[in-house]
Amino acid sequence: MAKVSKRTKEILALLDQEYGTEYVCYLHYETPWQLLIATILSAQCTDARVNLVTKDLFQKYDTLEKFAAADQKELEQDIHSTGFYHNKAKNIIACANKLVETYHGELPKTLEELTGLAGVGRKTANVIRGNIFHDPSIVVDTHVKRISKRLGFTKEEDPVKVEFDLMKVLPKDHWILYNIQIISFGRQVCMARNPSCATCFLKKYCSETGRKQT
Ligand code: SF4
């Protein structure tokens with residue numbers, strides 16, 4: 001990675017100051033495989049909705065083996081409110097089966113192995129790598145994509161290209177934190193519509209200040 005610029009360091013210092021440097025996960029889970037399932041469910045769904053659904057789901061299916069043996073139609077009903085329930089249920093069952101059969105119920109560590117599981121793309125794999133294994137990884141969700149563009153870290157739309165741009169500009173010790181902090185920033189300050197530009201603590205670094213005043 002190239003030298004981290006003064007500008008990037010300043011932005012990260014402000015994010016650290018505002019949101020702290022603790023690793024927090026917005027999805028509720030007790031075991032690594034529960035985080036994997038919660039993350040699969042979080043596609044096109046809010047974390048709050050997923051947390052509501054998994055509260056009962058993880059009681060009903062309290063082992064990975066139970067997910068592997070689940071009846072697809074019944075699981076579809078159980079996760080219906082998270083949207084895209086047909087594909088999600090199919091993927092969760094296939095993913096649980098592979099974890100049980102190939103990995104003895106443990107989560108694999110590498111990006112290649114994780115993305116080899118049904119329903120697991122780079123984003124989900126990076127959530128697991130960061131939260132479970134603390135392996136530096138950048139999760140590009142809707143907030144990271146939108147705000148990284150506004151802050152001039154990328155011009156890309158494609159999440160994988162955004163991830164690669166961010167890996168070039170951010171120091172490794174902030175790869176996991178950046179996503180955690182940007183989610184808070186995206187929810188509280190820099191919303192997709194009507195961001196609070198007037199009071200934004202990053203406005204001097206933003207390419208959209210003024211055009212987004214509320
Ligand atoms: Fe977001 Fe506005 Fe801040 Fe720019 S100035 S980062 S658009 S809230």
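The values are calculated or read from the model by the stated rules, or taken from the named source; none is laboratory data. Source: prediction; values computed, not measured. Glycine also receives a Cβ, built like all others from the backbone with ideal geometry; neighbour counts cover every protein chain displayed. Just so you know, the surface numbers come from the protein's heavy atoms only, side chains and all, with ligands and any DNA or RNA stripped out. Shrake-Rupley method; radii C 1.70, N 1.55, O 1.52, S 1.80 Å.
Look through the stretch 172-195, keep the residues that are in contact (Cβ under 8 Å) with a residue 12 or more places away in the chain and exposed (fewer than 15 other Cβ atoms within 10 Å of the Cβ), and return whichever of them is nearest to the chain's Cα centre (by Cα). Going through the qualifying residues, I end up with R187.
Within the stretch 165-184, the set of residues being outside any helix (DSSP H, G or I) and of a type in the set (A, V, I, L, M) comprises L170 only. Residue pairs whose Cβ atoms lie under 6 Å apart, separated by 6 or more positions or on different chains, with the first residue in the stretch 1-27 and over 26 Å from I132 (Cβ atoms) and the second hydroxyl-bearing (S, T, Y) and surrounded by 14 or more Cβ atoms within 10 Å (Cβ to Cβ), are I11/Y205.
When the criteria are applied in full, I147 meets the requirement of being under 21 Å from T8 (Cβ atoms), near the ligand (Cβ under 10 Å from one of its atoms) and open to solvent by less than 20 Å² (accessible area, probe 1.4 Å).
Checked against (1) at pLDDT 95 or above; (2) surrounded by fewer than 22 Cβ atoms within 10 Å (Cβ to Cβ); (3) near the ligand (Cβ under 10 Å from one of its atoms), D158 passes all but a single condition, namely (3). Across the stretch 126-143, the qualifying residues are those that are of a type in the set (A, V, I, L, M, F, W, C) and surrounded by fewer than 24 Cβ atoms within 10 Å (Cβ to Cβ), and the one among them that is nearest to Q34 (Cα to Cα) is I132.
Do we have E74 as in a helix (DSSP H, G or I), surrounded by 15 or more Cβ atoms within 10 Å (Cβ to Cβ), on the phi < 0 side of the Ramachandran plot and not hydrophobic (A, V, I, L, M, F, W, C) here? So E74 does not fit the description; no.
Mind listing whichever residues of the stretch 77-93 are open to solvent by 20 Å² or more (accessible area, probe 1.4 Å) and under 23 Å from the mean Cα position of the chain (by Cα)?
Once the filter is applied, which keeps residues that are open to solvent by 20 Å² or more (accessible area, probe 1.4 Å) and under 23 Å from the mean Cα position of the chain (by Cα), the stretch 77-93 yields D78, H80, S81, G83, F84, Y85, H86, N87, K90, N91, I93.
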